[in-house]
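Have a look at the structure below, then the notes.
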Amino acid sequence: MPHLFIVCYENDAERKRVEYLLDKWSNRARISKVRGISFIIDSSDVEGFAEELLSKLDPPTEGKVMVYRVEPEDIGSRVSPTRREIKHLTWEEPVVVRKLLKYVLSKFGAYYVSSEGNVSRYRAYTKKGRMEVEVLVEERDNGTAVVIAIEGYGTAVDDMARKLERELSLLL
């Protein structure tokens with residue numbers, strides 16, 4: 001059964017990532033991009049609308065209008081994000097740990113988004129997907145605790161977690 005996807009992208013980079021995905025899936029699924037104008041109409045008189053629409057088009061009108069019955073589907077309830085948490089304890093000072101983590105995250109393509117208290121938020125776009133990264137660094141009696149939470153879709157999360165665990169074990 002065909003599915004109509006409407007993707008509202010924010011910028012050209014996001015559009016290109018979607019285009020790349022369509023190209024990647026072109027050998028696994030039949031994908032056709034909608035040409036012309038696309039819209040969803042919710043009316044009890046769809047036939048009346050279709051008749052008026054066809055009267056506005058130049059002949060021949062065969063094949064110019066494709067109509068699909070559509071119902072919204074909450075795909076988010078079927079596809080949930082993956083979340084991984086990395087915990088690490090070190091004797092390094094928190095200021096040193098924060099600088100080191102900032103460097104390591106930038107090395108893996110993450111960029112700073114915001115901070116609140118001891119928590120810093122980063123975002124990363126990789127070929128495997130987009131991730132949100134939260135980093136908590138706090139001083140405790142037994143050293144400096146580091147908790148990194150990574151959330152996203154697909155294999156990107158596990159891949160980033162492996163890389164960060166390896167770097168943390170080597171550097172801290």
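Numbers below:
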item: Net charge, C8 excluded, C-beta distance under 14 Å - Lys, Arg +1, Asp, Glu -1; result: -1
item: Residue order for D74, D158, D141, D12 - accessible surface, 1.4 angstrom probe, largest first; result: D141, D74, D12, D158
item: Links that overshoot a 28 Å alpha carbon limit, given the list K33/K56; K16/K56; K64/K128; K99/K163; result: K16/K56; K64/K128
item: HN-Hα J in Hz across the stretch 125-131 - Karplus 6.51, -1.76, 1.60, θ = phi - 60°, x for Gly and Pro; result: 10, 10, 5, 8, x, 9, 9
item: Selection from L105, T155, I75, by position along the positive dipole direction of the stretch 29-172 (Cβ); result: L105
item: Percent RCO, i.e. relative contact order, over the chain, from Cα pairs under 8 Å lying at least 6 residues apart; result: 19 percent
item: Computed E for N11/W91 - FRET, C-beta separation, R0 30 angstrom, nearest 0.05; result: 0.10
item: Paramagnetic reach from D42 (point 7 Å along Cα→Cβ, amide N under 19 Å) across the stretch 1-25; result: 4-8
item: Debye, to nearest 20: dipole size of the chain, +1 on Lys, Arg Cβ, -1 on Asp, Glu Cβ; result: 960 debye
item: ³J(HN,Hα) computed for each position of the stretch 150-155 - Karplus, 6.51 cos²θ - 1.76 cosθ + 1.60, integer Hz, glycine/proline x; result: 10, 9, x, 10, x, 7
item: Cut-off under 5 Å, modelled amide H: who pairs with G154 long-range; result: T82
item: Most positive-pole-ward Cα, G63, N11, A50, against dipole of the stretch 1-77 from beta carbon charges; result: N11
item: For the stretch 82-170, size of Cβ-based charge dipole, Lys and Arg +1, Asp and Glu -1, in debye; result: 520 debye
item: Estimated Rh, the stretch 1-102: Kirkwood, alpha-carbon pairs, angstrom; result: 19.3 Å
item: Listed peptides 84-92, 45-53 by packing density, highest first (mean Cβ within 10 Å); result: 84-92, 45-53
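The values are calculated or read from the model by the stated rules, or taken from the named source; none is laboratory data. As the structure is a computational prediction, the values presented were derived from the model and not from experiment. Glycine gets a Cβ as well: all are built from the backbone with ideal geometry, and neighbour counts include every protein chain shown. The protein model used for the area step is the full one, side chains on, heavy atoms only, and it has no ligands, DNA or RNA in it. Shrake-Rupley method; radii C 1.70, N 1.55, O 1.52, S 1.80 Å.
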